[in-house]
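The values are calculated or read from the model by the stated rules, or taken from the named source; none is laboratory data. What you see is a predicted model, and the numbers here were worked out from it, not measured in a lab. Neighbour counts are summed over all protein chains in view; Cβ atoms, including those assigned to glycine, are modelled from backbone coordinates with ideal geometry.
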Amino acid sequence: MNIKVLSIRQPWAWLIVNGYKTIENRTWRVNDRGPILIHAGKSFDYDALWFMSENRETLAAGRAVLERFGITGDNEPRITKGRELLGALVGFAWLTRTDSGVSDNPWAEKGLYHWHMENGRELAVPEPMAGRLGLFQYHWNPTADFRAWRDECAEKFGGVK
């Protein structure tokens, strides 16, 4: 099946597919709705750790990232595990809407479009692949888990646009 993919740096990609981060910020709006594969880029955004540590609402997510990626070092942090989650498809989420403006969601950045990502789900086994800029099409053989998830989300959020 052909499906849209969005490349996102880690740990943001992991946070989305594990349900912590419900908004992805972009400079452009999309009219798409429905399932999107989440691809994790090859680099890790260590500044994300500072962001999550400064907000009470994102603190648990930050702790989960530290644990999952085995972050060590204070002045120069580095990941010690989870390298298979870099440069790979890591999961999927349901894009329910895109909006802009003021939001009280801690993940929403002012002045950007907010892509609302719901029901994130991590792939049991990440699939290595090169990412691309923008939202791109990819031919993917979906897992049984994905098909069941897609049917559940279509019922919950409505049809795909």
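Just one of the listed residues (Asp104, Asp99) is charged (D, E, K, R), under 21 Å from Lys21 (Cα atoms) and under 18 Å from the mean Cα position of the chain (by Cα), namely Asp99.
All of Trp94, Trp149, Trp115 fail the test of being of a type in the set (Phe, Trp, Tyr), in contact with a Pro (Cβ under 9 Å, 6 or more places away or on another chain) and in a strand (DSSP E or B), apart from Trp94.
Scanning the stretch 56-64 turns up no residue that is more than 22 Å from Thr22 (Cβ to Cβ) and touching a residue at least 12 places away in the same chain (Cβ under 8 Å). Would you check if Leu135 is surrounded by 17 or more Cβ atoms within 10 Å (Cβ to Cβ) and either within 15 Å of the chain's Cα centre (by Cα) or of a type in the set (D, E, K, R) (or both)? For Leu135, the condition - surrounded by 17 or more Cβ atoms within 10 Å (Cβ to Cβ) and either within 15 Å of the chain's Cα centre (by Cα) or of a type in the set (D, E, K, R) (or both) - is not met. Is it the case, given these coordinates, that Ser53 is free of Cβ contacts under 8 Å to residues at least 60 places away in the same chain, among the polar types (S, T, N, Q) and closer than 29 Å to Pro142 by Cα? Against the criterion (free of Cβ contacts under 8 Å to residues at least 60 places away in the same chain, among the polar types (S, T, N, Q) and closer than 29 Å to Pro142 by Cα), Ser53 does not qualify. Of all the listed residues (Ile38, Ile8, Ile16), the sole one being of a type in the set (A, V, I, L, M, F, W, C), without any contact (Cβ under 8 Å) to a residue 40 or more places away in the chain and buried (at least 22 other Cβ atoms within 10 Å of the Cβ) is Ile8.
Annotation: of all residues in the stretch 71-96 being over 16 Å from Ala124 (Cα atoms) and surrounded by 13 or more Cβ atoms within 10 Å (Cβ to Cβ), the one that is modelled with the lowest pLDDT is Pro77.
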